[in-house]
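Q: Dropping the structure in here first, questions after.
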Amino acid sequence: MRLRRSAPTTDESHAKSGGNAIQTIPRNPAQGIYPATDDYVHALEVRDPARFLFVSGTMGLDPAGAAGPTLEDQLDLVWANIRTILASADMTVGNIVRLTSYLRDGAYAEANAKARVAALEGRVIPTTAIVAETLSEDWLVEIEIIAVA
């Protein structure tokens, strides 16, 4: 995998949910560390959040608990499930500040990254992808998040 250097940024964004604006500041040092790629940041400073939501690993399962038949189906289901969980806390994907993906196969990394970038509408956050054996062979991807408001 070739690393692409993302421009150092001091852009600040404000996630809104429930009337609260959260200030976030991407932290990508330009020296002394390898460059971040275009789809993630090394760190994200969050200033003065009032609430934290820690979401367990969420799988690509439908409401009946059945795994989607393909990786694409499971990624769609994972993000639908995450949106449902966030909504229960009066949050959106705009409130996500940290994400970890657990992939059954390293070959899923590119599709997972594309789904994440689309779900976050291009907003970059600290992310980690780990290749791990899942508890069921049918589970191809699992994603856990941290959100703030």
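The values are calculated or read from the model by the stated rules, or taken from the named source; none is laboratory data. Note that the coordinates shown come from a computational prediction; the quantities given were computed from them, not determined experimentally. Ideal geometry is used to build each Cβ from the backbone, glycine not excepted, and the neighbour counts take in all protein chains shown.
Q: Against the definition (of a type outside the set (D, E, K, R) and in contact with a Lys or Arg (Cβ under 8 Å, 6 or more places away or on another chain)), how does A64 come out, yes or no?
A: no
Q: I would also like to ask the following. Run down T70, T58, T24 and say which single residue is surrounded by 18 or more Cβ atoms within 10 Å (Cβ to Cβ) and either modelled with pLDDT under 95 or over 17 Å from the mean Cα position of the chain (by Cα) (or both).
A: Result: T24 is the single residue among T70, T58, T24 that is surrounded by 18 or more Cβ atoms within 10 Å (Cβ to Cβ) and either modelled with pLDDT under 95 or over 17 Å from the mean Cα position of the chain (by Cα) (or both).
Q: Filter the stretch 58-67 down to residues that are part of a loop (DSSP other than H, G, I, E, B) and in contact (Cβ under 8 Å) with a residue 60 or more places away in the chain, then give me how many there are.
A: 1
Q: Report yes if some residue within the stretch 126-141 is touching a helix residue (DSSP H, G or I) at 6+ places or on another chain (Cβ under 6 Å), buried (at least 16 other Cβ atoms within 10 Å of the Cβ), of a type in the set (V, I, T) and outside the structural domain of Q23 (by TED's automatic domain parsing); otherwise report no.
A: Looking for residues that are touching a helix residue (DSSP H, G or I) at 6+ places or on another chain (Cβ under 6 Å), buried (at least 16 other Cβ atoms within 10 Å of the Cβ), of a type in the set (V, I, T) and outside the structural domain of Q23 (by TED's automatic domain parsing), one finds at least one in the stretch 126-141, hence yes.
Q: Go over the candidates I82, I25 one by one and state the one that is under 17 Å from I143 (Cα atoms) and in contact (Cβ under 8 Å) with a residue 12 or more places away in the chain.
A: On inspection, the qualifying residue turns out to be I82.
Q: Within 22 Å of T37 (Cβ to Cβ) and either assigned by TED's automatic domain parsing to the domain that holds I22 or under 16 Å from the mean Cα position of the chain (by Cα) (or both): is that true of G106 in this structure?
A: no
Q: Which members of the stretch 97-122 meet the condition of being in contact (Cβ under 8 Å) with a residue 12 or more places away in the chain, surrounded by fewer than 16 Cβ atoms within 10 Å (Cβ to Cβ) and assigned to a loop (DSSP other than H, G, I, E, B)?
A: The answer is D105, E121.
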